[in-house]
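The values are calculated or read from the model by the stated rules, or taken from the named source; none is laboratory data. What you see is a predicted model; the values in this text were computed from it and never measured. Methodologically, a virtual Cβ is constructed for each residue, glycine included, from the backbone with ideal geometry; neighbour enumeration extends over all protein chains shown.
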């Protein structure tokens, strides 16, 4: 029988990754914390009722669904001012700039497209698993993913024309 | 693996974006679980109240038609914060939803639960039947919208971290320009954000491609019949503003409009004290004060207004108050941007917008 202590152990172990996943979804540290807290609270309820086999997958699913609801209607972006100062030693400024550009472009995607991208490239889920998490079809996942990548490429091309022209000159 | 996919992976795994973990997560998680149980219980209670109202309202109507007390408003809604309690215009009917009511032409349709999402859609209405259904937005209702029809919905935000993004409800609400497509709705719509009675609302309206102008006017008229039951006085923006939460003050809503018109990117807010903007790779804080700042010097005219330095700040008068700008705090700078005062065209746009946008609610 699952105990609350077991859930606590799971929460402590999974928290860093969940917070990071929440940040990738929302782009906002406060919203990420709210999202994780909400999802874990809901999962605890289900845990007590013995309705969870895989807590990690369950929490992830709750987060994606809650996030889509929370953010579904706002056209404007939630503040994403959090850009920590410290960079790793190996980073050059160009690399940081690029990651920031890509991050900002990700934050400009509609919620469901962003969720697909985060599940695919951060959580490394297959299209089938993403479809299960998002309660949608594999075809929808594929089309959302393709649309998101096209849109990202478009945004990055406008914000970083140098890189695009460099790539073109290399090919 | 394409270059773009590599870049996405790198951005998503960027170690600079780790969030601090919680030392002991269980108290927070238990609180969240408790709040969820309370919400579910409240929902059940509301459903019971609605069911009771469905029984009581016809009885009240019957009484009013036979000489009893007039049935003004609804059986479940508290007194409205806005608009009068006058009966709906001839040929119109009054509908109620949790804490609000609205009048529409009698032939229109009304649905209190077009889709269960958060934040809650309090109601949806339209010229045609409004079916329930959808996972993210009111998809079923939007699908049913005919080419000459109209559909609209009112969404309420339970908690708002940036209250200034919802301006105080003006004397007359307009539908606003066509924008979008809105997230989850997938169609272009008119969107209005406003605060009324301490509550934060989003109104969205969609028209079929052949909807006549008169229909837009009717939707606008309907929107302006919206009555809102206010929150307790202590939760009203005025009280929070007086208690020192500047971001809840009408001035903050006005500054937010100013930065939007000046095409300054909204970065967020600095505690309760200032709104943060980003333009031309510079991040800065903006706020207002009713007192003239001291030590104004190095003044210059910009868009007909004297803009001065006050120490490290910029200050200029606007509509009987002062607007101040300060370089943003360190977390709001990065290799791509830096904390700095707005200058050049950005400053000119801010000054111009601060003179042209009327402040509501002071």
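Only one of the listed residues (A:101, A:137) is touching a residue at least 24 places away in the same chain (Cβ under 8 Å), more than 13 Å from the chain's Cα centre (by Cα) and either in the same structural domain as residue A:60 (by TED's automatic domain parsing) or more than 17 Å from residue A:31 (Cβ to Cβ) (or both). That residue is A:101.
For region A:1-14, the set of residues classified as touching a helix residue (DSSP H, G or I) at 6+ places or on another chain (Cβ under 7 Å) and either assigned by TED's automatic domain parsing to the domain that holds residue A:110 or part of a helix (DSSP H, G or I) (or both) consists of A:7, A:8, A:10, A:11, A:14, listed by residue number. Set side by side, the residues A:29, A:55, A:2 differ, and just one is modelled with pLDDT under 90 and surrounded by fewer than 18 Cβ atoms within 10 Å (Cβ to Cβ), which is A:2. Residue-level analysis places residue B:299 among those that are outside any loop (DSSP other than H, G, I, E, B) and surrounded by fewer than 15 Cβ atoms within 10 Å (Cβ to Cβ). Just checking, does region B:264-274 include any residue being crowded, with 21+ Cβ neighbours inside 10 Å, part of a loop (DSSP other than H, G, I, E, B) and on the phi < 0 side of the Ramachandran plot? Yes.
Annotation: of all residues in region B:275-287 being assigned to a strand (DSSP E or B) and over 21 Å from the mean Cα position of the chain (by Cα), the one that is nearest to residue B:322 (Cα to Cα) is B:285. Within region A:95-136, being part of a helix (DSSP H, G or I), surrounded by fewer than 17 Cβ atoms within 10 Å (Cβ to Cβ) and at the interface with chain B (Cβ under 9 Å from one of its Cβ atoms) holds for A:95, A:97. Taken across region A:138-146, residues that are at pLDDT below 90 and at the interface with chain B (Cβ under 10 Å from one of its Cβ atoms) do not occur at all.
For region B:176-202, a residue qualifies if it is modelled with pLDDT under 90 and surrounded by fewer than 21 Cβ atoms within 10 Å (Cβ to Cβ), and the qualifying residues are B:176, B:177, B:178, B:179, B:180, B:181, B:183, B:186, B:187, B:188. Wholly within region B:92-146, which strands (runs of 3 or more DSSP E) include no fewer than the required count, namely at least 2 residues that are in contact with a strand residue (DSSP E or B) (Cβ under 8 Å, 6 or more places away or on another chain) and closer than 27 Å to residue A:110 by Cβ? Where strands (runs of 3 or more DSSP E) fall fully within region B:92-146 and carry at least 2 residues being in contact with a strand residue (DSSP E or B) (Cβ under 8 Å, 6 or more places away or on another chain) and closer than 27 Å to residue A:110 by Cβ, they are B:120-126. Candidates in region A:32-52 are the residues that are facing another protein chain (nearest Cβ under 9 Å) and crowded, with 22+ Cβ neighbours inside 10 Å; of these, the one that is farthest from the chain's Cα centre (by Cα) is A:44. In the set B:140, B:217, B:150, only one residue is farther than 30 Å from residue B:42 by Cα, surrounded by fewer than 22 Cβ atoms within 10 Å (Cβ to Cβ) and more than 11 Å from chain A (Cβ to nearest Cβ); that residue is B:217.
Condition first: over 21 Å from residue B:216 (Cα atoms) and in a strand (DSSP E or B). Now tell me which residues in region B:147-160 satisfy that.
If we filter region B:147-160 for residues that are over 21 Å from residue B:216 (Cα atoms), which is where we start, we get B:156-160.
Passing the criteria: B:156, B:157.
Taken over region A:59-75, the criterion of being touching a helix residue (DSSP H, G or I) at 6+ places or on another chain (Cβ under 7 Å), at pLDDT 75 or above and buried (at least 18 other Cβ atoms within 10 Å of the Cβ) is satisfied by A:59, A:60, A:62, A:63, A:64, A:66, A:67.
Of the residues B:163, B:131, B:181, B:177, only one is assigned by TED's automatic domain parsing to the domain that holds residue B:218 and touching a residue at least 40 places away in the same chain (Cβ under 8 Å); which? Lay out the reasoning, then the answer.
Numbers: B:131 fails: touching a residue at least 40 places away in the same chain (Cβ under 8 Å); B:181 fails: touching a residue at least 40 places away in the same chain (Cβ under 8 Å); B:177 fails: touching a residue at least 40 places away in the same chain (Cβ under 8 Å).
Just a single option satisfies the conditions, and that option is B:163.
Are any of the residues in region B:319-326 assigned to a strand (DSSP E or B), within 14 Å of another protein chain (Cβ to nearest Cβ) and in contact with a helix residue (DSSP H, G or I) (Cβ under 8 Å, 6 or more places away or on another chain)? No, region B:319-326 contains no residue that is assigned to a strand (DSSP E or B), within 14 Å of another protein chain (Cβ to nearest Cβ) and in contact with a helix residue (DSSP H, G or I) (Cβ under 8 Å, 6 or more places away or on another chain).
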